[in-house]
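Reviewing the structure listed below.
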Amino acid sequence: MSRPKPDHAAGGFDEQLSRKPLDVVDESWAGGVPAQYGVAPRVRVGRDRWLNLLWLVPLGFVVLLGAVAVAKGLRTTPGVADFINEHPGTVLPAGAEAGAGFPPWVGWQHFLNMLLLIPIIRSGVTIIADHPRLYWTRHSTPGKDWFRVQKPVPADPLYTAKEDSITLPDSLGLPGRRHSIGLARWWHLGMDTLWLANGIVFYILLFSSGRWLRLVPTSWEVFPHAVSVAVQYLSLDWPADHAWTGYNSLQMLAYFVTVFIAAPLALLTGLGMSPALSTKFRWISRFFSIQVARSLHFLVLVWFLVFIVMHVSLVIATDALHNLNMMYANRNEPHGWAGFWIFALSLALMTAFWVAATPFTYRHPRVVQRVGYALIGPVQRLFEHLDSKPGQYTEKDISPYLWHNGKYPVGEDYQQLRNSGFADYRLQISGLVENPVSLSLQELRALDHHEQITQHFCIQGWSGVAKWGGVSMGAILDLVRPDPKAKWVIFYSFAEGPDGGIYYDAQPIEQMRYQLTMLAYDMNDEALSFGHGAPLRLRNEVQLGFKLVKWIKGIEFVEDFGQFGGGEGGYNNDHEFFGYRQSI
């Protein structure tokens, strides 16, 4: 059934929106964006050299062989043998015998944790692929990245961040298609909420049952025992297994770091990439910038991957049947098969989930979008209410480079305006307002001037600081006097989206009164450039960059955005399954 057309049209701009229903991801999706593959992971070494991390595979194998040889040699020396005898590897806490075994909830938590980490890790890799570079400063300047899986940025001054994105195999990314970050974020953020809920339950059960003593070192003796265990593992002469009553010291330290450091750090670094939180809590974001948070978030991912590989390898290599019986069947039986069959069933379920996730996403992207929003939407709505004041940054913080993005306007109407220096430009503001207006650029400049130096947060992961000059949206609201029925403000662009129809986005009207929401016609004390949205662009610092419409030609106040375009509140929401609330 077709939706009714809106009653309040801003210069007929709503008629220029694409109403094409998009409910699948196929070859024509996002304008048929072509596949583009990156390069092997590289880490910067010094100023201009890059290390291909694939070299770590043979190098790591050689180092491992050398470590095994050294460990075997050390174990034949009297000093090391005495050290291992004195520190065999396990420091059992008081009452360990009484708390022996693994209750059923440990097995369920173990399974759910791994099941949820599958989409979290896979979608996280897709998110990285959308801006395949990592930085240690908030400026995201080309050539200053410390890690990349893409070629160097070309010299083209209008090269966009979207052009820099890369494709992943569908068996790896979730999904793997290039610039499918909208769907990847729903998977990532939605599963994060379930993973965090599972973690909270785990913490409660862990501490209420007293089993935290298995994971938390309570004696300095843990450290020499951990060294002893490392030597024993490397010598391929495994330490005595006391896992039924307590983990060896190296296991305990690894679990402690994973459960009590890496997991909370994953949450904190994830929140550190929120535009709303970073703008509000200035004293934190001054040193804990989005790029520091993004890089640390990536390193947490690396830790989890290394931990999973080492954990699974040692479970299988040391005593697979016994370990699986303890973990999955709560039985201290070295030779039974109960744990193996439970593990096999859980592995089959995880494999089925892995295989089905991407095809399901391509066939039912709206389901992924809606379920993802149902899970993370309440938190996003909460963060949107964090209004902030100017003053976080000064001119010395301005980035030397701010990435371009989006599809540039190519229509004849825009080109004529641009060629004339926008002398005939008129901003049409209409809809549910008492005083609809048509303002020239000169009339906009005659309104009370507003300036702010703020950080831009792109959904792809890059950021930058710029000084914006223009007029506050509060002043625009005072001028046009919106009707109380108006709940949303739609911004229309001269630019078209990849699937045709002009770009647009809907913003909650309450955010138009925020102190850092404005229409910018200047950037860094110069007239806004073509690449950054001339003659006029939106700034709303609690939202991600794709919502900050560039090349604005019209604004419309409406009661509900469901009648406009595809009905999802914005072009990228309609066509690429983004969200109309994106404060994280």
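Only the Cβ atoms of Lys and Arg (+1) and of Asp and Glu (-1) were treated as charged; on that basis the dipole of the chain about its Cα centre amounts to roughly 660 debye. The fraction of accessible area contributed by carbon and sulfur in the range 396-529 is 48 percent, rounded to a whole number (1.4 Å probe; ligands and nucleic acids excluded). Ranked by the mean number of other Cβ atoms within 10 Å of their residues, highest first, the peptides 500-511, 44-55, 172-183, 193-204 come out as 172-183, 500-511, 193-204, 44-55. Panel note: the C-alpha atoms of the range 153-231, placed on their principal axes, show extents of 59, 33, 26 Å (largest first). Each of Lys151 and Arg513 was given a label point 7 Å from its Cα along the Cα-to-Cβ line. The distance between the two points is 5.2 nm.
Our analysis of the chain gives Rg over Rh at 1.04, with the two radii drawn from alpha carbon positions and Rh computed by the Kirkwood formula. What separates the Cα centres of the range 130-185 and the range 26-93 is a distance of 25 Å. When the alpha-carbon atoms of the range 11-124 are used, the pair Rg, Dmax equals 27.9, 89 angstrom.
If R0 is 56 Å, the Cβ-Cβ spacing of Val216 and Val24 corresponds to a FRET efficiency of close to 0.70. In plain terms, the bigger the Kirkwood radius, the slower the diffusion; for the range 87-147, with that radius from Cα pairs, at 10 °C and 1.306 mPa s, Stokes-Einstein puts D at 98 µm²/s. Each Cα pair of the range 209-254 feeds into the Kirkwood radius, which the Stokes-Einstein equation turns, at 10 °C and 1.306 mPa s, into a diffusion coefficient of 144 µm²/s.
May I ask you to derive the FRET efficiency for Asn435 and Trp108 from their Cβ-Cβ distance with R0 = 60 Å, giving the value to the nearest 0.05? Calculated value: 0.50. Oblate is the label for the range 382-487, because the ratio a/c of its alpha-carbon gyration tensor axes (a ≥ b ≥ c) is 1.5 or higher and a/b is not greater than b/c.
Rounded to the nearest 0.05, what FRET efficiency do Tyr203 and Leu64 have when you use their Cβ-Cβ distance and R0 = 41 Å? After rounding, the FRET efficiency stands at 0.75. Using a 7 Å offset from Cα along Cα-Cβ at Leu321, what residues in the range 340-355 end up with backbone N under 18 Å from the label point? Zone members listed by number: 340-345. Counting each pair of different Cα atoms once, what's the Kirkwood radius of the range 421-563 in Å, rounded to one decimal? After inverting the pairwise mean of 1/r, the radius is 15.2 Å. In the structure shown, the pairs Lys162/Lys553; Lys487/Lys553; Lys396/Lys487 are assessed against 31 Å; a Cα-Cα span above that value is assigned to Lys396/Lys487.
The slack between His311 and His242, meaning 0.36 nm per residue of separation minus the straight C-alpha distance, is 23.2 nm. Starting from a Cα-only point model with no solvent, please compute log10 I(q)/I(0) by Debye for the range 512-584 at q = 0.11, 0.15, 0.19, 0.27 1/Å. Relative scattering, expressed as log10 I(q)/I(0), comes to -0.31, -0.57, -0.90, -1.34.
Rounded to the nearest 20, the size of the Cβ-charge dipole of the range 430-563 about its Cα centre is 140 debye, with Lys and Arg at +1 and Asp and Glu at -1.
Using the alpha carbons alone, the radius of gyration of the range 390-449 stands to its Kirkwood radius in an Rg to Rh ratio of 1.08.
Across the alpha-carbon atoms of the range 451-526, the computed radius of gyration and Dmax are 14.2, 37 angstrom. Dividing the Cα radius of gyration of the range 48-115 by its Kirkwood radius returns 1.21 for Rg/Rh. Pairwise Cα distances in the range 82-231 exceed 23 Å in 61 percent of cases.
Calculate, for the chain, the solvent-accessible area per residue in square angstrom, rolling a 1.4 angstrom probe over the heavy atoms of the protein chains. Heavy-atom accessible area per residue stands at 45 Å². Applying both filters, DSSP loop and at most 14 other Cβ atoms within 10 Å, to the chymotrypsin sites (Phe, Trp or Tyr not before Pro) of the range 299-377 gives Trp337. Provide the three semi-axes, in whole Å and in decreasing order, of the ellipsoid equivalent to the range 213-349 as defined by the square roots of 5 times the Cα gyration tensor eigenvalues. Each semi-axis is √(5λ); the values are 36, 19, 13 Å.
The values are calculated or read from the model by the stated rules, or taken from the named source; none is laboratory data. The structure presented is a predicted model; accordingly, all values stated were derived computationally and were not measured. Cβ coordinates were reconstructed from backbone atoms using ideal geometry, including for glycine residues, and neighbour counts include every protein chain displayed. We work out accessible area using only protein heavy atoms, side chains counted, and drop any ligands, DNA or RNA first. Shrake-Rupley method; radii C 1.70, N 1.55, O 1.52, S 1.80 Å.
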